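Peer 1: Got a structure for you, questions after.
The values are calculated or read from the model by the stated rules, or taken from the named source; none is laboratory data. None of the values given here were measured: they were computed from a predicted structure. Don't worry about glycine lacking a Cβ; one is built from the backbone with ideal geometry, like all the others, and counts go over all protein chains shown. We work out accessible area using only protein heavy atoms, side chains counted, and drop any ligands, DNA or RNA first. Shrake-Rupley method; radii C 1.70, N 1.55, O 1.52, S 1.80 Å.
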2 protein chains.
Amino acid sequence: MDGMSAMRSGRAPMYQQISEALRQQIADGTLPAGAQLPTEADLTERYGVGRGTVRQALGDLVNAGLVVPQRPRGYFVRERRPMVFRPQAEFRKRPFSAEMDAFVLEHSADGREPRQLIEVAIVEPAPDIAKRLQLEPGQLAAVRRRIRWLDGEPFNLNDSYFPLDIVRESEIMRPEDITRGANEVLAELGYRQVTALDEVYVRMPTPDEVHRLELGPGTPVGYHVCTGYTAEGKPVRVAVTVLPGDRHVISYERRWEPQDGAE
Amino acid sequence: MDGMSAMRSGRAPMYQQISEALRQQIADGTLPAGAQLPTEADLTERYGVGRGTVRQALGDLVNAGLVVPQRPRGYFVRERRPMVFRPQAEFRKRPFSAEMDAFVLEHSADGREPRQLIEVAIVEPAPDIAKRLQLEPGQLAAVRRRIRWLDGEPFNLNDSYFPLDIVRESEIMRPEDITRGANEVLAELGYRQVTALDEVYVRMPTPDEVHRLELGPGTPVGYHVCTGYTAEGKPVRVAVTVLPGDRHVISYERRWEPQDGAE
DNA sequence: AAGTGGTCTAGACCACGCA
DNA sequence: GCGTGGTCTAGACCACTTG
């Protein structure tokens, strides 16, 4: 018996034809967000293929983040409602334009219930962190690890690292919320940050992140690293935030600076 | 015959145990970037499981972006060397701190050969673009579509939209490189941008993006939308950039503004 | 109890690049 | 021609949730 009877029509593999057809229906609204897809059995019969082939097709959509399997109910079209993540919020309270205001408002946490868990530790930071803090190998850092929830769902991870020698015995070492902000505490300690370098990486999550953030399959994350510097150029804080792609928009605004000479 | 003989040891499915073991070896450097993994046949024998199970394990790693299958050579640990994508570059030539300079330099295109292909069209923009440009339904926009390569590899997609009525018959409509920048042309037309709103979304690519950017499986993209406004608050440009996660770091810098009152 | 997706097996043929 | 991964089949048992 041939293994590939149903595939010989076009040239694309059968499973791709199936996933493409479903993709189409999701794109054009035939299958709106939250709708249930046909079951594996349905598709197996409809296309006259083996179950493995159908599962491969559905797997494609799952890995593309379009569809979520909810055992044992079936496959459903994914819904997403990203929140605004605004790195600048910490140093500029209000957006400087009406458009920005409207944008933030549209994606706001209106009435959703925030919660967070803070944990403080002294660690030898990972090499990439140590490098940004300009620590020698073996030098220690304090880290405030936070998990933030919204309506009981994990929302993002935020780890802030500080050189241990400047925050030791300060308020930063206590695992409680600092209402006036950790940055203000740093400033009181004599290390006011005046500039920051932001980096955003886009990648798939680690299994640990999948677990802690309860990520569905096919959900990439933004990995945001912010390094804060004093006026003297000393790095005093590295904040690492892991942002699930299906729950965030990273957003910031810019203002053109006076042109100095030719562009 | 049982279907699951080999799985009954722990509680995690066999394929996860296999992928976890490989993940470990990648993480600790036993399998460095570029190294070849054991073949499917190797793993099938080593773990005493069916080929399907092994393929599921490897599929995990592929979808996590850690491994790339190179038929018919085998599976290899992925290499990545992200380039800096600096949205601010267009309006601030040089980073304002030495740290930033160093960072950009470290991820620079040193000696790699850039190339781009420009295409201009008049379109009815997608709803999200139309909304940002504040266009009425049916109003048209000009779009400059660019694909950029580096050393013959596609690097990113960049589509810039302009309200048609303000750029018609300007230089922007010609599919050639504009050395002094499209922003400068806009300014000459009387629409100088003074602020911009940046949004970054993180998601899996569409099949079209996979094709145009030659993305490997398990490669998420950053979707960067920049809306530029004139002093009067009129949006005059929307630039959409699709950035493969394995080839980019998005980066920008900030400067703390004078504190106004409490916070 | 029924029906869903999750895991696993065994075996088959194909397309492709390299020796 | 050989070995690689890519596709596909047919059949099995499991875990889970819902009626």
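Peer 1: Could you work out the Kirkwood radius for segment B:108-263, taking every pair of different alpha carbons, averaging 1/r and inverting it, reported in Å?
Peer 2: That comes to 17.1 Å for segment B:108-263.
Peer 1: Give me D for the protein assembly as shown in µm² s⁻¹, whole number, from Stokes-Einstein with Rh from the Kirkwood sum over alpha-carbon pairs, 4 °C and 1.567 mPa s.
Peer 2: 51
Peer 1: Okay, moving on. Counting each DSSP H run of 4 or more residues in the protein assembly as shown as -39500 (n - 2.57), what helix-only mean residue ellipticity at 222 nm follows after dividing by all residues, to the nearest 500 deg cm²/dmol? Can you show the working numbers first?
Peer 2: On the way: 16 runs with 135 residues, N = 526.
Result for the protein assembly as shown: -7000 deg cm²/dmol, rounded to the nearest 500.
Peer 1: What spacing in nm lies between the two simple spin-label points modelled at B:Arg55 and B:Glu79, each 7 Å away from Cα in the Cβ direction?
Peer 2: Simple spin-label model gives 2.9 nm for this pair.
Peer 1: Pull out the extension gain between A:Gln70 and A:Arg212, defined as 0.36 nm times the separation in residues minus the alpha carbon to alpha carbon distance; nm, one decimal.
Peer 2: Fully extending the segment from A:Gln70 to A:Arg212 adds 49.2 nm.
Peer 1: Separate question: Identify, among A:Gly48, B:Tyr161, B:Ala196, the residue whose Cα sits farthest towards the positive end of the charge dipole of the protein assembly as shown, taking +1 on the Cβ of Lys and Arg and -1 on the Cβ of Asp and Glu, with the dipole about the Cα centre.
Peer 2: Value: A:Gly48.
Peer 1: Give me the log10 of I(q) over I(0) for chain A at q = 0.09, 0.11, 0.15 Å⁻¹, as the Debye formula computes it from C-alpha points; what are the numbers?
Peer 2: Taken in order of the listed q values, log10 I(q)/I(0) reads -0.58, -0.77, -1.12.
Peer 1: Taking 56 Å as R0, compute the FRET efficiency from the Cβ-Cβ separation of A:Glu153 and B:Glu169 and round it to 0.05.
Peer 2: The pair A:Glu153/B:Glu169 has a calculated efficiency of 0.65.
Peer 1: What whole-number value in Å² describes the accessible area per residue of segment A:152-263 for a 1.4 Å probe?
Peer 2: Accessible area per residue: 39 Å².
Peer 1: So, one more: Run the dipole for segment B:25-172 about the Cα centre, Lys and Arg Cβ at +1, Asp and Glu Cβ at -1, nothing else charged, and hand back the magnitude in debye, nearest 20.
Peer 2: Here segment B:25-172 has a charge dipole of around 140 debye.
Peer 1: Oh, and also: A:Pro69: net charge of surrounding residues, Cβ under 12 Å, Lys/Arg +1, Asp/Glu -1, itself excluded? Intermediate values should be presented prior to the final figure.
Peer 2: Working: positive: A:Arg55, A:Arg71, A:Arg73, A:Arg78; negative: A:Glu40.
Cβ neighbours under 12 Å give a net charge of +3.
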